2 protein chains.
Amino acid sequence: MIRPNSTIDAIPAGEPFVGPERIMRERGLKTMLRLGANESAFGPSPQAIAAMTAELPRLSWYGDPDSYELRSAIAARWNCNRDEILVTSGIDELLGLVVRCFLAVGESVVATAGTYPTFAYHAIGYGGRVESVAYREDGCIDLDALATAAQRCDAAICYLANPDNPSGSFADADAIARLRSALPARTLLLLDEAYAEFADARALPAPRPLPGIVRARTFSKLYGLAGARIGYGVAPQALLAPMLKVRLQYGVNRNAQIGALAALGDAVFARDVLERTARGRAEYAALGAALGLPTLDSTTNFVCFDCSSRERADEILEALLQRGVWTRKPGMAPLDRCVRVTVGNESDRERFASELRAIRARVTV
Amino acid sequence: MIRPNSTIDAIPAGEPFVGPERIMRERGLKTMLRLGANESAFGPSPQAIAAMTAELPRLSWYGDPDSYELRSAIAARWNCNRDEILVTSGIDELLGLVVRCFLAVGESVVATAGTYPTFAYHAIGYGGRVESVAYREDGCIDLDALATAAQRCDAAICYLANPDNPSGSFADADAIARLRSALPARTLLLLDEAYAEFADARALPAPRPLPGIVRARTFSKLYGLAGARIGYGVAPQALLAPMLKVRLQYGVNRNAQIGALAALGDAVFARDVLERTARGRAEYAALGAALGLPTLDSTTNFVCFDCSSRERADEILEALLQRGVWTRKPGMAPLDRCVRVTVGNESDRERFASELRAIRARVTV
């Protein structure tokens, strides 16, 4: 007799991701090398760990619902006002809030087929229609096609991950500005910059709120706080105000706020992670070249190995998993011929290289 | 040109709570005794702190989106299946999910005017209408009036905090069963049991999923993990399934999962908190009686002091705050003549008693 509403009823059951823990349970694995979710292999900054450790006894207190100190520190880096920053429980919560506020049931959103799936999950979850655009043949995002699709369906929101996940490719500030100009004026551009810290800062859009754009950032990747669930949006205040009316006021973990603030202050650690990640990407590129599995250029903490066909990629993914190495692969052509591998730390990469070499010796690509 | 949708646009700006940190900022306070949010003064269990400390270096990993281990442990206590448990980022997230899934825009929900406000915040946020029922003159929830109102407006959801916040009063299992029977069959009964562990377990509804009811529990209160943001719903699987289609899959902090699991296993600590809280309630009752500010019966970790009028209650609340003691007060009659005070630890209570005595010497009630 109790029924969900018609929007929810119409949605198929499904989830954007299967977590690694379920894979381990289903396969009976006791350990698994996690190179599938682009989690930082370098952990949180020691300063963040120290700050969080010290505050664990006060985890009985709610976090500040205004995230005042953290927003102040972020605003200082973005040369903007505190009210142009919204702290959320990771980028995922922010994506949901943007969809909830700016999409009406039955309206359309535009995204690339096979990009980070949680945006489309939210769009469907709020009764929207997802107009998908294919990757270009070179595996990069087709910005022109996104704009054309947005015009065609009068999109409420256009989603772009930049740098993109899973391709690792990157559109520069000029390209983003052109995309914004080419979109309908009513279309909100949702720029998911989860991996932006790994890209060349000079090529990125300038660090400030941009008209018509919500920029999403996270402490999950560079700062190694994925499990803490903390990220933020940067946008003109008028775009954040609707979200403030309905957001989960106490959604952010107190220790996540403390860890994020400390992480922001630890520039030495962040620089070290960036350098080690760049070395890891170069190592992966050399490995892929040596094994005939060329890598795609990446400005992130992961790399796609081109296995030349979907079947080969599936085979290599499964073979890695059977050897206890968990990776993921893009779901849509042309990237579905790739296996996407997180840049682990030095020992992770040694293990991965050794397993991939062993598999490569058996698999003919 | 970019506009929120009509549902969001129609919602007034507002927030259910002002956090204590903002009060401190606005008043320029360096310290403040937090007795306003029913946060546990006894902190998290030492076992929970130890488990979380050990796992901080792995906070770069996402938490298990299935919360498998924690749900298993909870299901064992509730004599139910794992799929009758849904772990969320605190009860607040669960309240929002229930509203999102079971309320259609324009439909009504029923709740008591002046009870925990976050349910109504979500109901308004999802385009619902809130039909409010007054507290009885004795400060208890009027269950008959809730049922009558739900019948009248064919409510999608009826919200009941049990034990209630802010009154501290309690409806037993028979009363809950009668309420469920008196509600329309289409009405979901949302039972917010945030403080249930402080009540007599024999008087509560049996620990199992109940037809037509979503029971909400939290690790914020007894377990001292408010800042961790972790709670759960217990319900027949058919009521949880719609929420699984749209929930934030990675919404829960990994260390919150770890802390909650450890907390569940520390029965000695929980018993100690219960005993010390009961002693604190008795102390508050004696203090109120001595000062002519009689307390309401409470089965929670907070107590309402009856100041005999709204004006006196406002005055005492403000006087306490000027002395650095933060409390809150109910917003609606007849409870708005009360100040609601968290049962702190022994030294908190000593400080509070001393300040209240000093204020009482000046204020004529």
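Read-outs throughout are calculated quantities, based only on the coordinates presented, and are distinct from any laboratory measurement. In this text, all values refer to a predicted model and were calculated from it rather than measured experimentally. Please note: Cβ atoms are built from the backbone with ideal geometry, for glycine as well, and neighbour counts cover all protein chains shown.
Can you check what the net charge comes to around A:Ser309, using other residues whose Cβ is under 10 Å from the Cβ of A:Ser309 (Lys, Arg +1; Asp, Glu -1)?
Summing Lys/Arg as +1 and Asp/Glu as -1 gives -2.
On a straight-distance basis, which aspartates and glutamates could pair with A:Lys245 in a cross-link, Cα separation under 19 angstrom, same-chain partners fewer than 8 positions away excluded?
Reachable aspartates and glutamates: A:Asp64, A:Asp66, A:Asp83, A:Glu84, A:Asp92, A:Glu93, B:Asp9, B:Glu15, B:Asp92, B:Glu93.
What number comes out for the charge environment of B:Ile85, summing +1 per Lys or Arg and -1 per Asp or Glu over other residues with Cβ under 15 Å away?
Spelling it out: positives minus negatives among the neighbours equals 0.
For peptide B:32-40, what's the mean number of Cβ atoms from other chains within 10 Å of each residue's Cβ?
2
Under the definition of partner shielding as Cβ atoms of other protein chains within 10 Å of a residue Cβ, what is the mean value for peptide A:97-104?
Mean shielding by partner chains, rounded to a whole number: 4.
Tell me the net charge near A:Ala41. Cut-off is 10 Å between Cβ atoms, A:Ala41 excluded, with +1 for each Lys or Arg and -1 for each Asp or Glu.
0
With both partners inside the protein assembly as shown, how many of the DSSP beta bridges are antiparallel, as a percent to the nearest 5?
Close to 45 percent.
Averaged over its residues, how many other protein chain Cβ atoms are within 10 Å of peptide A:20-31's Cβ atoms?
Rounded to a whole number, the mean comes out at 2.
Are there any trypsin sites (Lys or Arg not before Pro) in the stretch A:188-234 that are in a DSSP loop and have at most 13 other Cβ atoms within 10 Å? List them by number.
A:Arg202
Counting C-alpha atoms alone, how compact is chain A: give Rg to one decimal and Dmax as a whole number, in angstrom.
That works out to 20.4, 62 Å for Rg and Dmax.
Can you work out the Karplus-derived ³J(HN,Hα) for every residue in the stretch A:126-133? Use 6.51 cos²θ - 1.76 cosθ + 1.60 with θ = phi - 60°, whole Hz, and x for glycine or proline.
9, x, x, 10, 9, 8, 9, 10
For A:Gln151, which inter-copy label distances result when the label point lies 7 Å beyond Cα on the Cα-to-Cβ vector, reported in nm to one decimal and in ascending order?
The answer, with the shortest distance listed first, is 6.0 nm.
Work out Dmax and Rg for the protein assembly as shown from the C-alpha atoms and quote the Rg first, both in angstrom.
Considering the protein assembly as shown through its Cα atoms, Rg and Dmax are 26.2, 90 Å.
Considering only DSSP beta bridges with both partners in chain B, what is the antiparallel share in %, to the nearest 5?
45 percent
Pull the list of the protein assembly as shown cysteines that no other Cys approaches to under 4.7 Å, Cβ to Cβ.
Within the protein assembly as shown, the cysteines lacking a partner Cβ under 4.7 Å are A:Cys80, A:Cys101, A:Cys140, A:Cys153, A:Cys158, A:Cys307, B:Cys80, B:Cys101, B:Cys140, B:Cys153, B:Cys158, B:Cys307.
Of B:Ser6, B:Trp78, B:Leu56, which is farthest on the positive side of the dipole of the stretch B:3-107, counting Cα position, with +1 on Lys and Arg Cβ, -1 on Asp and Glu Cβ, and the Cα centre as origin?
Ranked along the dipole, the leading option is B:Leu56.
Could you identify the residue of B sitting closest to the B-A rotation axis by Cβ and state that distance rounded to whole angstrom?
Axis relating chain B to chain A; nearest Cβ residue and distance: B:Asn253, 2.
Report ³J(HN,Hα) in whole Hz for each residue of the stretch B:214-225, in order, from the Karplus equation J = 6.51 cos²θ - 1.76 cosθ + 1.60 where θ = phi - 60°; Gly and Pro get x.
Residue by residue, the stretch B:214-225 yields 9, 9, 10, 10, 9, 9, 6, 9, 3, 8, x, 10 Hz.
What nm distances, shortest first, do you get from the label point of B:Met332 to those in the other copies when the point sits 7 angstrom along Cα to Cβ?
4.7
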